[in-house]
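The values are calculated or read from the model by the stated rules, or taken from the named source; none is laboratory data. Source: prediction; values computed, not measured. Every residue, glycine among them, receives a Cβ derived from its backbone with ideal geometry; neighbour counts consider all protein chains shown. Calculation scope for accessible area: heavy atoms of the full protein, side chains included, ligands and nucleic acids excluded. Shrake-Rupley method; radii C 1.70, N 1.55, O 1.52, S 1.80 Å.
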Amino acid sequence: MMAGQPLRADPAHPQWARRSSPPAALDAGVVPSYPPPESDGDESWVWSQIKAEARRDAEAEPALASFLYATVLSHPSLDRSLAFHLANKLCSSTLLSTLLYDLFVASLAAHPSIRAAAVADLLAARSRDPACAGFAHCLLNYKGFLAVQAHRVAHVLWAQNRRALALALQSRVAEVFAVDIHPAAAIGKGILLDHATGVVIGETAVVGDNVSILHHVTLGGTGKAVGDRHPKIGDGVLIGAGATILGNVRIGAGAKVGAGSVVLIDVPPRSTAVGNPARLIGGKKGEDVMPGESMDHTSFIQQWSDYII
């Protein structure tokens, strides 16, 4: 195989096209019911859904059959499929797909928490994004999802003091997906980078679980601080498109940052920050649903402004 060429599956295709038809819910376009969160069967259940969707799409669109076979249907597990896909996406003439594949496979095998986080991310995208056509669609086409999975491997490399390789992987992710996450940044699970283009997350940033971040969001430093200098994002936070959060500030659990806001101060839990510079408005006390999961971007409008178009 020439340098930089993508990995290819075994050309001896089994008769996968003749296997049983996908579930009726997939054919009807109905979102299937999810297993209980954190259940032991999450990974196998999601993987079975991905394979069923891939078979359905391969039958409906023959032009994609080889791609779907090579990327999904030829693999025995979700982690192998993910490793194969990431390796092909991120390889270059000097960073070989075979090297990347071995790296991703080894990291996913050694760290079950990375696999669990990937499954949580798939469930998050499917449940929160109405444009997500299925789990296979997210796995294959959502660059925010792929960027986060690659980051998790880079984070492991950083922790192992393999920092040159971690930074090289960060660079390739930024080039290919237009998402720049420093490998030292700590990212939780159940993460949705919606659209993802232009997302920047700095070295000492921390992002909690079940957080949703839209495109062109920056979690950055102020430009003059050293050491611990980036934002800390609590669980269940929603950050709107184009928002900028600078410095070692804390965004409390269940908080919301409006699109285009510039945040330079702490945001208390379950409150909303809007504007440039951002100001705080009250949240809904006692509300159980986290905005990072509900994707409710606009419920604060009446509290913020009486302007009506």
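Select, from Ala63, Ala87, the only residue that is surrounded by fewer than 11 Cβ atoms within 10 Å (Cβ to Cβ), at negative phi, at pLDDT 95 or above and of a type in the set (A, V, I, L, M).
The unique qualifying residue is Ala63.
For Leu167, are the conditions met, namely being on the phi < 0 side of the Ramachandran plot and either in contact with a His (Cβ under 6 Å, 6 or more places away or on another chain) or open to solvent by less than 10 Å² (accessible area, probe 1.4 Å) (or both)?
No.
I need the full set of residues from the stretch 107-131 which are among the hydrophobic types (A, V, I, L, M, F, W, C), open to solvent by less than 60 Å² (accessible area, probe 1.4 Å) and farther than 18 Å from Thr71 by Cα, in order please.
Scanning the stretch 107-131 gives Ile114, Ala116, Ala117, Ala120, Leu123, Ala124, Ala125.
All but one of (1) over 13 Å from the mean Cα position of the chain (by Cα); (2) open to solvent by 10 Å² or more (accessible area, probe 1.4 Å) hold for Asp180, so report the exception by its number.
The failed condition is (1).
Within the stretch 132-164, track down each residue that is open to solvent by less than 50 Å² (accessible area, probe 1.4 Å) and more than 17 Å from the chain's Cα centre (by Cα).
Leu157, Trp158
Please determine, by comparing only the residues of the stretch 191-209 that are over 12 Å from the mean Cα position of the chain (by Cα) and among the small types (Gly, Ala, Ser), which one is farthest from Ser294 (Cα to Cα).
Applying the filter and picking the extreme gives Gly202.
Filter the stretch 234-248 down to the residues that are open to solvent by 10 Å² or more (accessible area, probe 1.4 Å) and not polar (S, T, N, Q) and list them by number.
Listed by number, the residues that qualify are Gly234, Asp235, Ala241, Gly242, Leu246.
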